[in-house]
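Below you'll find the structure, written out as structure tokens, and then a few comments.
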Amino acid sequence: MEKNKQYSFEEAMEQLENIVNKLEEGDVPLEQAIDYYKKGVELSKMCHDKLQSAEKQIAVMMTEGGETPIDPEELSE
């Protein structure tokens, strides 16, 4: 993954899925597997951050619309 390159959520997820598939195949040399893992962690963090940002935007829109925002932790119970 290029440093400072911004991917859409969908692009990052697709790349993450490709990395997972390559690592699951098991035919990757150790050094390359470590590089894939590092890229996967970066992509995972990027996706997580984008999802959190989307959740915050939705909460703001709901509050502005007079609705009570949903606490994401309540959904996991």
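Nothing in this text is a laboratory measurement; each read-out follows from the coordinates by a stated rule. Bear in mind that the values here come from a model prediction, so they are computed numbers and not experimental data. Counting neighbours? That spans all protein chains shown, and the Cβs are built from the backbone with ideal geometry, glycine included.
Structural remarks
- On the beta carbon distance between Gln52 and Lys22, with R0 = 35 Å, the FRET formula returns roughly 0.80.
- Dipole magnitude (debye, nearest 20) for segment 9-75, charges at Cβ of Lys, Arg, Asp, Glu: 220
- Relative protection proxy for 45-58, 25-38, 6-19, from highest mean packing down: 6-19, 45-58, 25-38 (other beta-carbon atoms within 10 angstrom).
- Within-12-Å neighbourhood charge of Ser44 [Cβ basis; K, R +1; D, E -1]: +1
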